[in-house]
């Protein structure tokens, strides 16, 4: 299962650190990895630290990208996607709620991909970001793999339907947020 470890590491890193990884199934993947570890396909004592490192280093990469791109975005005139007012609101948001936003973003699909870059672009200090990044990365990986491991242990004949249900449940917060925003604008 060496290829499996490398593949899991790569997916978690890309999903948390690179913009094009927003479509990857982080929560579902971690839950499934926990189930597979319980079934003996992965060593949980190798899997969890490896995926924690992937999650933390992915977020750190996203932060670095945002930090490098942020000054260029602030220097530009308003563009279609990057408005100075949005960046100023992001800066105020991360000054007020940055730590909890970094931790909570871990548990929200798509948001976890963009939150570190937004924190970097908004100028959140790296020391503060790092502390919350480590806390969020450990909490996310340990809880998701742990839930998968526990479910895999409790339900002996687990199949693809449960994994599909887990995936749908993990994207529900995005749908609820989208619906509320749409309703607010109307």
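The values are calculated or read from the model by the stated rules, or taken from the named source; none is laboratory data. Because the structure is a prediction, the values reported are computed rather than measured. Heads up, the Cβs are rebuilt from the backbone with ideal geometry, glycines too, and the neighbour counts pull from every protein chain shown.
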Residue hits (region 119-154; assigned to a helix (DSSP H, G or I) and without any contact (Cβ under 8 Å) to a residue 60 or more places away in the chain) are 119, 120, 121, 127, 128, 131, 132, 135, 139, 143, 154
Lone unmet requirement of (1) at pLDDT 85 or above; (2) within 14 Å of the chain's Cα centre (by Cα) for residue 47
(2)
Which of the residues that make up region 4-28 are at pLDDT below 85 and either part of a loop (DSSP other than H, G, I, E, B) or surrounded by fewer than 22 Cβ atoms within 10 Å (Cβ to Cβ) (or both)?
18, 19, 20, 21, 22, 23, 24, 25, 28
Of the conditions (1) touching a helix residue (DSSP H, G or I) at 6+ places or on another chain (Cβ under 7 Å); (2) in a helix (DSSP H, G or I); (3) modelled with pLDDT under 80, the single one that residue 78 does not satisfy is (2)
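Residue by residue, here is whether (1) over 18 Å from residue 30 (Cα atoms); (2) modelled with pLDDT of 75 or more holds:
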{"position": "66", "(1), (2)": "yes, yes"}
{"position": "71", "(1), (2)": "yes, no"}
{"position": "84", "(1), (2)": "yes, no"}
{"position": "114", "(1), (2)": "yes, yes"}
{"position": "118", "(1), (2)": "yes, yes"}
{"position": "147", "(1), (2)": "no, yes"}
{"position": "153", "(1), (2)": "no, no"}
{"position": "157", "(1), (2)": "yes, no"}
{"position": "162", "(1), (2)": "no, no"}
Checking residue 129 against (1) within 24 Å of residue 45 (Cβ to Cβ); (2) touching a helix residue (DSSP H, G or I) at 6+ places or on another chain (Cβ under 6 Å), the condition it does not meet:
(1)
Is there a residue in region 170-186 that is at pLDDT below 75 and touching a helix residue (DSSP H, G or I) at 6+ places or on another chain (Cβ under 6 Å)?
yes
